[in-house]
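Here's the structure, in structure tokens; my notes come after.
Every number in this text was worked out from the coordinates using simple rules, so none of it is lab data. Just so it is clear, the model here is predicted, and its values are computed rather than measured. Quick reminder, even Gly has a Cβ in these numbers, built from the backbone with ideal geometry, and neighbours come from all protein chains shown.
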Amino acid sequence: MAALKKAAASAPQDKINGGSPPEFTKEQEFKALRDMLLIRRFEEKAGQLYGMGAIGGFCHLYIGQEAVVVGMQMALKQGDQVITGYRDHGHMLATGMEANGVMAELTGRRGGYSKGKGGSMHMFSKEKHFYGGHGIVGAQVSLGTGLAFANNYRSNGNVSVTYFGDGAANQGQVYESFNMAELWKLPVIYVIENNRYAMGTAVSRASAQQDFSKRGASFNIPGMQVDGMDVRAVKAAGDEAAAWCRAGKGPMILEMQTYRYRGHSMSDPAKYRTREEVEKVRHDQDPIEQVRNRLLAAKVSEADLKAIDAEVRDIVNASADFAQHDPEPDAAELWTDVYR
Amino acid sequence: MPIQVLMPALSPTMEKGNLAKWLKKEGETIKSGDVIAEIETDKATMEVEATDEGTLGKILIAEGTADVPVNTPIATILADGETAADLAKAPAPAKQEKAAESAAPAAAKAEAPAPKAAPAPHVAEPDPEVPAGTEMVTQTIREALRDAMAEEMRRDADVFVMGEEVAEYQGAYKVTQGLLQEFGAKRVIDTPITEHGFAGIGVGAAMTGLKPIVEFMTFNFAMQAIDQIINSAAKTLYMSGGQMGCSIVFRGPNGAAARVAAQHSQDYASWYSNIPGLKVVAPFSAADYKGLLKAAIRDPNPVIFLENEMLYGHTGEVPKLDDFVIPIGKARIVRSGSHVTIISWSNGMSYALKAADELAKDGIEAEVIDLRTLRPMDTETIINSVKKTGRAVAVEEGWAQSGVGAEIATRIMENAFDYLDAPVARVTGKDVPMPYAANLEKLALPSVAEVVEAAKAVCYR
């Protein structure tokens, strides 16, 4: 455990409470482990199906970043909305959307969340308050601010969690949204998932201000840098930001320092970074191993952990099976859902 | 020689105004920059500042005088040493003189021009949407739009208006006048100058079920926001398999105003009408503006509502009904005829209707169709008319290439080819950015003469 803790010089600095985050209960640790494992196994399977040609187009995997969505989700309550960009499978699973429906959308089948008409980057669930799934980099930031606007308009006490990456953080509409969110004190948590690369461009090559928690400074939006590889730190930051929003104090920015293990998309060989860099993060900071090691240190049996592995694998395998056998959408679906 | 003060043009489209008040009396000393009078247009009261020094010699237009044409002498200023006896020497005003130089109106982001007040167009055919015997009220299009929004906001608490200057300023073009006072700042929201951002916020709010009316000060500025309009508003219903749509109206003036040049004078009708998932409405008459805006606000889909700044001050008869809603997607035959069909919408209708009057003098009876909605397009009404006349002319202020007229011509070709006695003709804006010079601007736009010529050509006359 000790060996895993922030050994790398480039490791994200935990700024929550100035030190290590509050411990999870055993129940929380199990939940975090299970939810993160589900995302990882799901994404591995999606990568496999893509390689087999069962999934087409773009497919952006979330492997490595699981602690961000799982920790944030643990800080939310029923009714809070989630919106993100195109690296969205993890967000959907974290909100409780069914693996079958997500995987079937990836394969373009009628049982997918968008009946096969949206694909990897465009899925939604009204029931789970998941507002997409957006393919235009940065567009979700204005939309997510609009969700917060609606919460404010309705005075419903809900918070909009608006995710975007270090790449999207350079888009103009992000700052237009920041301005209005603070001006109107909208309840929105801007979660900037800094995975260090905007496609193939390292943060240092694209961003004049690399501390993304300061990106709201000229609008007076407070921000925090968070160890996005430690699910407990994420949850603690999420709790603080949600409380801030619910108190009517306006938006907050959380920069989640995280890392994606795979390429930008399935077609990206990721030649812009070294294998050693990836291996080091995996070895030193892996979000799932952190929890597993804590549980083992707390004398949880290997058998209990294996049971979680098995449950998750069953869900993922069933979803892959469903997604490959579910029929394609009926041809008549071409013409539906253009207008209502 | 005494200096004449002329009635100033306070905006690019102003032709006349009311002399509300004199702030200086005859005989008073005037310094350059002094406010000497207040002028009322139909949307604002503006101050007239003196640009010359001297004594106010004679007031030529009494306060309270209405409809004083621009460039009319309103007073004379006597220079040092001059007396009332010199008044007779004042020169007659030169027609081309730029009267606006004697006034300094407050500059907005885009100076909001006041429209021409012109009479309602000749309407030959009764509107089938209006029950016979309905009492009518005369309203400007500006008022009709305001009433439509106010009525829908009273009816549905989820409807709100957002945009630049819509609340405290009462609208850059005064279309949202009084809404803030009735509905408060929660529902009538001034935004920063940030089109991309507030369009996205509107769409996000609409995804949760609210019904925003997003005003663009003009559609020229909506190009900053077009990604949110098309990629987010128009496509989400489809991409979500029908789960999540977006009931939202994007509205504001579109197309050419007057003398505001290329970046403020573009017609976006064909751009938006290209997009499945959007509805596109572009009315001409005051009644249609009201009834269609109400329909647009209620529509569960994103609606692009294209207004025309030149028409805001036009008056028309609006039915006095509790709930006057015109269905989207229905064209209207405004004038019936048997020789040629002229199809247009929005301000294009002003050329079409005047051309029909001209043609009638030559014995050509034109049937004039106001499309009102561009998407979905009422093909049936066009085709039925062309089957009757065998000839068609499409009139639009936008450019010809990939224009709405091109689409109309194609639909006629596809559906009524065997009925055509001549190729379909188009009258469009010229294939150039809008020039500033008055003569060039006039040349760049369609004209009544061009519509008459095109109609005669398809009639082989």
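Can you give the log10 of the normalised intensity I(q)/I(0) at q = 0.16, 0.22, 0.24 Å⁻¹, computed with Debye over equal Cα scatterers of region A:187-235?
Calculated log10 I(q)/I(0) at the listed q: -0.54, -0.93, -1.03.
So, in nm, how far is label A:Lys299 from label B:Val35 when the simple model puts each one 7 Å beyond its Cα toward the Cβ?
8.4 nm
Quick one: grab the alpha carbon gyration tensor of region A:187-340, order the square roots of its eigenvalues as a ≥ b ≥ c, and give me rounded if a/c is under 1.5, else prolate or oblate depending on whether a/b is larger than b/c. Show your work: numbers first, answer last.
Working: a/c = 1.41, a/b = 1.14, b/c = 1.24.
Judged from the Cα gyration tensor, region A:187-340 comes out rounded (a/c under 1.5).
Take the Cβ-Cβ distance between B:Ala449 and B:Met223 as r, set R0 to 25 Å, and report the resulting FRET efficiency rounded to the nearest 0.05. Please report the intermediate quantities before stating the final value.
Working: r = 32 Å, r/R0 = 1.27.
Rounded to the nearest 0.05, the efficiency is 0.20.
Placing one identical point scatterer on every Cα of region A:149-240 and ignoring solvent, what is log10 I(q)/I(0) from the Debye formula at q = 0.13, 0.24, 0.26 Å⁻¹?
Rounded to two decimals, the profile gives -0.47, -1.36, -1.45.
What is the pair-distance distribution P(r) of region B:320-454, computed from all Cα-Cα distances in 5 Å bins starting at 0, with each bin given as a whole percent?
Taking all Cα pairs of region B:320-454, the binned fractions are 2, 11, 20, 22, 20, 12, 7, 4, 1, 0 percent.
Please give the charge dipole size of the protein assembly as shown, origin at the Cα centre, charges +1 on K and R Cβ atoms and -1 on D and E Cβ atoms. Round to the nearest 20 debye. Please list the in-between numbers first.
Numbers: 84 positive and 104 negative charges, 386 e Å.
Around 1860 debye, computed over the protein assembly as shown.
If each DSSP helix of 4+ residues adds -39,500 (n - 2.57) and the sum is divided by the residues in chain B, what number results at 222 nm, nearest 500 deg cm²/dmol? Please report the intermediate quantities before stating the final value.
Working: 11 runs with 111 residues, N = 461.
For chain B, the value works out to -7000 deg cm²/dmol.
When the convex hull of the Cα atoms of region B:1-74 is projected onto a plane and the area is averaged over all directions, what value comes out in nm²? Walk me through the numbers before you get to the answer.
On the way: hull surface 18.1 nm².
If I average the Cα hull's projected area over directions, I get 4.5 nm².
May I ask you to work out the translational diffusion coefficient for chain B at 4 °C, viscosity 1.567 mPa s, via Stokes-Einstein with Rh from the Kirkwood sum over Cα pairs, reported in whole µm²/s? Show your work: numbers first, answer last.
Numbers: Rh = 23.7 Å.
D = 55 µm²/s.
Which value in nm describes the separation of the simple spin-label points at B:Tyr436 and B:Thr410, placed 7 Å from the Cα toward the beta carbon?
That separation, rounded to one decimal, is 3.7 nm.
Compare A:Val191, A:Val291, A:Val203 in a GNM of chain A, Cα atoms joined below 10 Å, and give the one with the largest fluctuation.
Fluctuation is largest for A:Val203.
Using only atoms on other chains, find how many Cβ atoms lie within 10 Å of each Cβ of peptide A:147-157 and report the average.
On the way: counts 5, 4, 11, 10, 2, 2, 10, 6, 1, 1, 0.
Per-residue shielding by partner chains comes out at 5.
What order, most packed first, do the peptides B:357-367, B:403-413, A:36-46, A:225-235 have when packing is the mean number of other Cβ atoms within 10 Å of each residue?
Answer by packing, highest mean first, reads A:225-235, A:36-46, B:403-413, B:357-367.
In straight Cα distance, which aspartates and glutamates are under 16 Å from B:Lys186, not counting same-chain residues fewer than 8 positions off?
The reachable aspartates and glutamates, counting only those whose Cα sits under 16 Å from B:Lys186, are A:Glu182, B:Glu152, B:Asp156, B:Asp158, B:Glu164, B:Glu165, B:Glu168, B:Glu215.
Output the peptides B:200-206, B:373-379, B:50-56 sorted from most to least packed, where packing is the average of other Cβ atoms within 10 Å over each peptide's residues.
Values: B:200-206: 30.9, B:373-379: 20.4, B:50-56: 18.3.
Going from most to least packed, we get B:200-206, B:373-379, B:50-56.
Within 10 Å of each Cβ in B:242-254, how many Cβ atoms from other chains are there, averaged over the peptide? Working shown, then result.
Numbers: counts 9, 11, 8, 3, 2, 1, 0, 0, 0, 0, 0, 0, 0.
Whole-number average of other-chain Cβ neighbours for B:242-254 is 3.
For region B:200-248, take every pair of Cα atoms, bin their distances at 10 Å starting from 0, and report each bin as a whole percent.
28, 53, 17, 1
Express as a percent, rounded to the nearest 5, the fraction of DSSP beta bridges in the protein assembly as shown (both residues included) that run antiparallel. Can you show the working numbers first?
Values: 35 of 88 bridges.
For the protein assembly as shown, the DSSP antiparallel bridge percentage is about 40.
Could you work out [θ]222 nm for chain A from helices alone, using -39500 (n - 2.57) per DSSP H run of at least four and dividing by all its residues? Round to the nearest 500 deg cm²/dmol.
Working: 11 runs with 143 residues, N = 340.
Calculated mean residue ellipticity at 222 nm is -13500 deg cm²/dmol.
Report the rotationally averaged projected area of region B:255-380 based on its alpha-carbon convex hull, in square nanometres.
Numbers: hull surface 36.6 nm².
Answer in nm², one decimal: 9.2.
Out of residues 5 or more away from A:Gly85 or on other chains, whose amide H comes under 5 Å of its own, with H placed 1.01 Å from N in the peptide plane?
Sorted by chain and number, the residues that satisfy this are A:Gly133, A:His134.
What ranking, highest mean first, results for peptides B:313-320, B:143-150 when packing means the other Cβ atoms within 10 Å averaged over each residue? Show your work: numbers first, answer last.
Numbers: B:313-320: 20.0, B:143-150: 23.5.
Ranking, from highest mean packing down: B:143-150, B:313-320.
Collect residues whose amide H, placed 1.01 Å from N in the peptide plane, falls under 5 Å from the amide H of B:Thr72; neighbours closer than 5 in sequence don't count.
B:Met7
Once you've got the GNM for chain A with C-alpha springs shorter than 10 Å, pick whichever of A:Ala310, A:Ala320, A:Ala242 has the biggest mean-square fluctuation.
Of the options given, A:Ala310 has the highest mean-square fluctuation.
Considering the Cα trace of region A:36-127, what is its radius of gyration and what is Dmax, both in angstroms?
In Å, with Rg to one decimal and Dmax whole: 12.4, 38.
Taking Rh as the Kirkwood radius computed over C-alpha pairs, what is the Stokes-Einstein D of chain A at 10 °C in a medium of viscosity 1.306 mPa s, expressed in µm² per second? Kindly include the intermediate steps, with their values, before the conclusion.
On the way: Rh = 20.2 Å.
Answer from the Stokes-Einstein relation: 79 µm²/s.
With only alpha-carbon atoms in the gyration tensor, what are the semi-axes of the equivalent ellipsoid for the protein assembly as shown, in Å, largest first?
Details: eigenvalues 688, 235, 88 Å².
They are 59, 34, 21 Å, listed from largest to smallest.
Quick one: which residues, 5 or more positions from B:Gly57 or on another chain, have an amide H under 5 Å from its amide H? H modelled 1.01 Å from N in the peptide plane, none for Pro or chain starts.
Those qualifying (amide H under 5 Å, at least 5 residues apart or on another chain) are B:Gly27, B:Thr76, B:Ile77, B:Leu78.
Can you compute the modelled spin-label distance between B:Asp323 and B:Glu28, with each label point 7 Å from Cα toward Cβ, in nm?
Going from the B:Asp323 label point to the B:Glu28 one covers 5.4 nm.
Would you mind giving the mean number of other chain beta-carbons within 10 Å of the Cβ of each residue in B:202-214, as a whole number?
Details: counts 4, 4, 19, 11, 3, 10, 15, 3, 5, 0, 4, 0, 0.
Counting other chains' Cβ atoms within 10 Å and averaging over B:202-214 gives 6.
What is the angle, in °, between the Cα long axis of helix B:195-207 and the longest principal axis of the Cα atoms in chain B? Nearest 10 is fine, range 0 to 90.
50 degrees
Quick one: Cα centre-to-centre distance for region A:263-340 and region B:1-77, in angstrom?
75 Å
Taking just the C-alpha trace of region B:373-432, give me its Rg and Dmax in Å.
According to the Cα coordinates of region B:373-432, Rg and Dmax are 11.4, 35 Å.
With θ taken as phi - 60° and the coefficients 6.51, -1.76 and 1.60, list the Karplus ³J(HN,Hα) couplings across region B:287-298 in order, rounded to whole Hz; mark glycine and proline as x.
Rounded to whole hertz, the list is 5, 5, 4, 6, x, 7, 5, 4, 5, 5, 5, 7.
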